[in-house]
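Only one structure is covered here, and it is reproduced in the block below.
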Amino acid sequence: MKRFRGSSSRRQKNAFAPFVPGAKPFHLTIFLIAFSLVSCGRRSAGPVEIVYWTGWSSNEFNSQQGLIDEFNRTHPNIHVRLLSQFGNSGYQKVRIAFAGDSTPDIMSTVWADELASYAQRGVLTPLDAYLKASGRDFDKEFVPSLRKSLRVDGQVYGLAVTTNSHFIIYNRDIFEQSHVNENQVLRSPDALFAASRACTKAAADGSLIRYGFRPEQLVTWALVFGGKWYDPAKGVITANDPHNVAALRWMTSFNKIVDPMKSRSFQASFGSDYSASGPFFVGKVAMRETGEWAGKFLHRYAPNLRYGFFALPAPQDGRPGAFYGNGSVFVIPKACRHKEEAWEFLNWITSEKPVEKFCETIGNVPALVAAGQAPAFQKSPLFQFAVALSQGENAVGPPGIAIWPTYSREIARTEESVIYGGKDAQNALDELQRRMETEFRETKEDLSR
């Protein structure tokens, strides 16, 4: 039986239908009009409540609650109720809600790499008509990676308030002690390898005191090397793209500097990256892959540390300034009962001033190009650099394919099997290609049913 998802008055009117064949008697017509007026009066007597699920917690949750309080004060026709779904159980609840068609009105509990999967299963509301009616220009407002990843099969299904960046920070004192020219390191992957070798230091017994650098996240380094994981023009999986293979072989070459098992054992002694005992803060690593959030932790735990930063260095046929970005996405579920009100809130919270306020509070790069130019994000050289990277054309988001959550996990497992398990890079990526082609084909067949 089809469910009614309109207003309460619409549902009540349909409830009378079986008892009114043909023309309605006069007294019943009067009753229905009176009922409708009472119903409309009830709705206009107070604000429409929309329920919003967020994945943020702690300081981020409090910041969002402050914004929502502001929205509720300035939009008396709508009341937004904020609920946190933080943690694994919360995200499992999100999946169950979609499966059971029992979602809230609006959510930011969807990750960018999940968006295509939900959109292609028909459980999200396309936003193009709402954007146009509100006079917004999606392709001019949002950073390049989001323009690509928030559009699935030609339609926009999500918006964002935050994005991120990915780069390398380095310890200037260690570079000087190791006679490394910091201007050379950023020029190529080979120069980064040489700098890592120079900065690595061992004790007389062979135990590690410090290592220079170990690249992580093949999903990103493949992009830096000029590779791709999916070809949207041809609609095919490209796991064994030659550039992806070259990136993985280069990553594996760092095993020549430090045995991978010895490196893993050394890493087990590290404190948390975001504490006073973080390995970069205490000099156990000379270089570290990170993002814009590093600035506040450097200020808090290592205020006297001399550091610099640079984009992931690309080979000649690679992509300078490339990285893979992910993050929370705001969506309006298909089952939302108050879509106009949900859009009014979504339109507001993804506008420039709320985005600036939220990103400044939590230390993330704004999703909006204009917001990133605000003084708050330009006063720190590190944050200014992070914003510029996020707005570069080589910042890449998830491809618009439903299997991407599975695919990206399998990329990480493949990376592990080669670097720590000794598998050949070409063979491992060929195997991944075969598995993902099968997964892609079966998923497309499932979605077409």
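Under 17 Å from the Cα of Lys353, which aspartates and glutamates turn up, not counting those fewer than eight places away in the same chain? Candidates past the 8-residue exclusion: Glu60, Asp69, Glu70, Asp137, Glu141, Glu344.
The lysines within cross-link reach of Lys339, meaning a Cα-to-Cα straight distance under 21 Å and a gap of 8 or more places when in the same chain, are Lys2, Lys13, Lys132.
Rolled with a 1.4 Å probe across the full set of protein chains, the surface gives Asp153 an accessible area near 120 Å².
The Rg/Rh ratio for region 166-294, using Cα coordinates for both the radius of gyration and the Kirkwood hydrodynamic radius, is 1.01.
Candidate cross-link partners of Lys201 among the aspartates and glutamates, defined by an alpha-carbon separation under 16 Å and a same-chain spacing of 8 or more, comprise Asp173, Glu176, Asp259.
Taking the 1.4 Å solvent-accessible surface of the chain as the whole, the part contributed by carbon and sulfur is 52%. With everything on Cα atoms, drop me the angle between helix 26-45 and the longest principal axis of the chain, reported from 0 to 90° to the nearest 10. For 26-45 against the chain, the angle is about 40 degrees.
Heavy atoms of the protein chains alone define the surface here; on that basis the chain has 47 Å² accessible area per residue at 1.4 Å probe size. Seen against the Cα atoms of the chain and their longest principal axis, helix 242-252 is set at about 60 degrees.
What is the local net charge at Phe309, summed over the other residues whose Cβ is closer than 11 Å to its Cβ (Lys, Arg +1; Asp, Glu -1)? Surrounding charge for Phe309 is -1.
Per residue, the convex hull spanned by the Cα atoms of the chain measures out at 164 cubic angstrom. With 20 Å as the limit, write out which pairs from Lys93/Lys357; Lys148/Lys228; Lys228/Lys334 have Cα-Cα distances beyond it, or answer none. Long pairs (Cα-Cα over 20 Å): Lys93/Lys357; Lys228/Lys334. With contributions of -39500 (n - 2.57) from each DSSP H run of at least four residues, the per-residue ellipticity at 222 nm computed over the chain stands at -14000 deg cm²/dmol. In the assembled protein chains, Trp348 presents an accessible area of approximately 40 Å² (probe radius 1.4 Å).
The values are calculated or read from the model by the stated rules, or taken from the named source; none is laboratory data. Owing to the predicted nature of the structure, the values given are computational and were not obtained by experimental measurement. Because the Cβ atoms are built from the backbone with ideal geometry, glycine has one as well, and the counts that use them run over all protein chains shown. Accessible surface areas use protein heavy atoms only, side chains included; no ligands, DNA or RNA. Shrake-Rupley method; radii C 1.70, N 1.55, O 1.52, S 1.80 Å.
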